[in-house]
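One structure, as structure tokens, below. Some questions next.
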């Protein structure tokens, strides 16, 4: 028996990629982004932005149930990286608690707006 196992299920994060037609990549983000899944989230977003040929990254947040400040920090970093690479970046379908957190922290408009190049 694991002494560190509290019996509480660990948060899960699933990111599904929907092609890269015409340089547009769409990632559907499902589950939860918090301190336990933030590193995976960051690796995926920054890795996608570093790929050749990506001109636009859309994050579909509809399946996401929860995001904490760690996840929001990753989104802000990804937005800055996209800007540095000249890549349009935007969130779509942010709802419920996810949208509330983004609005409360004052970053929703910056992240949802796609600034094309």
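Among DSSP beta bridges whose residues both lie in the chain, state the antiparallel percentage, nearest 5.
30
As I understand it, the value is the acute angle between the Cα axis of helix 38-49 and the longest principal axis of the Cα atoms of the chain; what does it come to in degrees, rounded to 10?
On a 0 to 90 degree scale, this one is about 20.
Taking neighbour Cβ counts within 10 Å as the exposure measure, how do 102, 13 sort from fewest upward?
13, 102
Sequence gap at least 6, Cα distance under 8 Å: using those rules, report the relative contact order of the chain to the nearest whole percent.
Taking the mean separation of contacting Cα pairs over the length of the chain, I get 23 percent.
Which of 63, 52, 11 moves most in a GNM of the chain, Cα contacts under 10 Å?
Residue with maximal mean-square fluctuation among 63, 52, 11: 52.
Also, quick follow-up: Taking the simple approach of a point 7 Å from Cα along Cα-to-Cβ for both residue 100 and residue 83, what is their distance in nm?
Label-label distance for residue 100 and residue 83, simple model: 2.9 nm.
Please report, for the Cα atoms of the chain, the Rg to one decimal and the Dmax as a whole number; what are they, in angstrom?
In Å, with Rg to one decimal and Dmax whole: 14.6, 54.
Still on this structure: Any idea what angle helix 69-85 forms with the longest principal axis of the chain, computed on alpha-carbon atoms, 0 to 90 degrees, nearest 10?
20
Turning to a different aspect of this structure: What's the extension gain from residue 36 to residue 92 if we count 0.36 nm per residue and subtract their Cα-Cα distance?
Gain in length upon complete extension: 17.8 nm.
For every helix of n ≥ 4 consecutive DSSP H residues, a contribution of -39,500 (n - 2.57) applies; sum these over the chain, divide by its total residues, and give [θ] at 222 nm rounded to the nearest 500 deg cm²/dmol.
Calculated mean residue ellipticity at 222 nm is -11000 deg cm²/dmol.
Next question. Run the numbers for residue 109 and residue 66: contour at 0.36 nm per residue of separation, minus the present Cα-Cα distance, in nm.
Contour length minus the Cα-Cα distance gives 13.7 nm.
A short reminder: the numbers here are calculations on the coordinates, not readings from a lab. Predicted, not measured: the structure shown is a model, and the values here were computed from it. Ideal geometry is used to build each Cβ from the backbone, glycine not excepted, and the neighbour counts take in all protein chains shown.
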